[in-house]
Structures are given as C-alpha cells and as structure tokens.
Amino acid sequence: MIKTPLLALALTVLLLGTAPEARAHPHGWIDLGVVVHFDQQGRVTALEQRWRMDPFYSLVVMEELAADASETSMEQRLDRLGLEIRDNLAAQQYFTELSHGGQPLALGDVENYSVRRRDDRLVFSFLLPLATPLAPGDMPLRYRIFDPSYYIEVVHEADDEGPRMDALTLRGAADDCAARIISADPDPARVAEAAQLDIDETAEPGLGRFFAETGEVTCQS
C-alpha cells in the first residue's frame, strides 16, 4: 500500500517539515493538459487529462516507491499507485466540473489511466468519459478542474507567454470548433482567505473553485 496518495499530500509536508513558504494554500500544484475528444457524429465523448505532479511530490513518492521491499517492478508499483489515485479521485468526480450552456453534465467512470515518470515528475493520465455523448450545438462547453480544498493548485501547462498551445486541444472536432482557457479571477477576499490558512487547517468547502481556470469549447454548428 502506497502511504502517500495524491489526496494525502499534507502528510508528506508534515513528515518532511513545513517550509516557511508552505504556510498558506496551496501547498502543491499540478500542471494540466486536456484533450477534448469528439466522435464521428461531432459529439463530445471524453476529456483526456494529463496531470504533471510538482517536483516535490514526485520526489517523495518516487523515493517511497523505490523503498518498497516487495519484488514488484517499478512499473507495477506505478500501476498500483495509479489505481489508488483513480479510486481516491472517483469519490470527488476527478476534481472535474463540466457544464454545457451553464447546466452541469454527468461524468462516467475512468477505466483508462496510467502513472509514469517523465523528466523527474510523475504524470497521471486518464480518460474521463461523459456519461452521455454531447452535441455542443451553439452553447459553450466549459470545464473546471480543481482541488475543492485548494490544498493543491491545478493550472494548465503554461510558459512565459501564458497557457501553452497543447494545454487544451480538440481531437476529432469540426473546423468550426475552437477552444480557449479563461484565467481565474478570484475575489481579493478569497485570496486573503487562502493566504491565512495554515498547513493543518481545512479550507472552506469549494474554495478551490474560485482559483480554477476555465476551459471552454465552442462550435458554430
């Protein structure tokens, strides 16, 4: 059993010591990439997500995996970790809120997932299906991906110029479909609330929503 699942990041901070800069939320981050899948009928079927864990969390988990006394291979240990992360996140809808025209959409169950180490960072990838394929029509499809407690910050992959081109892409979409990432604009009071939270304090439920970027897909037909 892996002792350091994604949702217990606090444990790793407490075990290794709390750095001064870790006195306010968030305490870790995920770099996000999303591919919106369309089928041949032009319906959205799934959000393929790629989560790159921050270097600190990746290092702690890899050291723990390496110290595992079992005879399993590292690939098997990563697969087991992926299962634990998947099961932990399933109870929280994979940190994902999806809506169409302002109305929430139901999500399906994740069956395809993996955890791999790339450039000294753990990458959790998974395919999150919609419960029912959706024809976007002329109403926007929007998602937000966030840790409700804001202990972990989730942001799209970015560089100095802003979100990267591959941070949100469309697969199988018609030419009249487009995607964009809308930056978060939290109220200053929310920012102050997060800054005041100590390492062992629990945020107001849903705090992370106010800091979440929004992915938006629009089609003209």
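The values are calculated or read from the model by the stated rules, or taken from the named source; none is laboratory data. All values reported here derive from a predicted model rather than from experimental measurement. Note that we place each Cβ from the backbone using ideal geometry, even for glycine, and neighbour counts take in every protein chain shown.
The residue that is farthest from VAL155 (Cα to Cα), among those in the range 205-216 that are buried (at least 22 other Cβ atoms within 10 Å of the Cβ) and either at pLDDT below 95 or β-branched (Val, Ile, Thr) (or both), is LEU207. The set of residues in the range 158-176 being over 18 Å from LEU127 (Cβ atoms) and assigned to a loop (DSSP other than H, G, I, E, B) consists of ASP160, GLU161, ARG164, ALA174, ASP175, ASP176.
For the residues LEU130, LEU98, LEU197, the requirement of being closer than 28 Å to LEU59 by Cα and either out of contact with any helix residue (DSSP H, G or I) (no Cβ under 7 Å at 6 or more places or on another chain) or modelled with pLDDT of 95 or more (or both) singles out LEU197. ALA8 fails exactly one of the following numbered conditions: (1) farther than 30 Å from ALA179 by Cα; (2) modelled with pLDDT of 95 or more; (3) aliphatic (A, V, I, L, M). What is the number of that condition? With respect to (1) farther than 30 Å from ALA179 by Cα; (2) modelled with pLDDT of 95 or more; (3) aliphatic (A, V, I, L, M), ALA8 is out only on (2). Hey, any hits in the range 146-158 for a residue that's aromatic (Phe, Trp, Tyr), in contact with a Leu (Cβ under 7 Å, 6 or more places away or on another chain) and at pLDDT below 95? The answer is yes; a qualifying residue exists.
Suppose we keep only residues that are in contact (Cβ under 8 Å) with a residue 24 or more places away in the chain and farther than 23 Å from GLY208 by Cβ within the range 132-165. Which one would you say is surrounded by the most Cβ atoms within 10 Å (Cβ to Cβ)? Checking each candidate, the answer is PRO136. Taking the criterion of being of a type in the set (Asp, Glu) and touching a Leu at 6+ places or on another chain (Cβ under 8 Å), the only residue of the range 31-83 that qualifies is GLU48.
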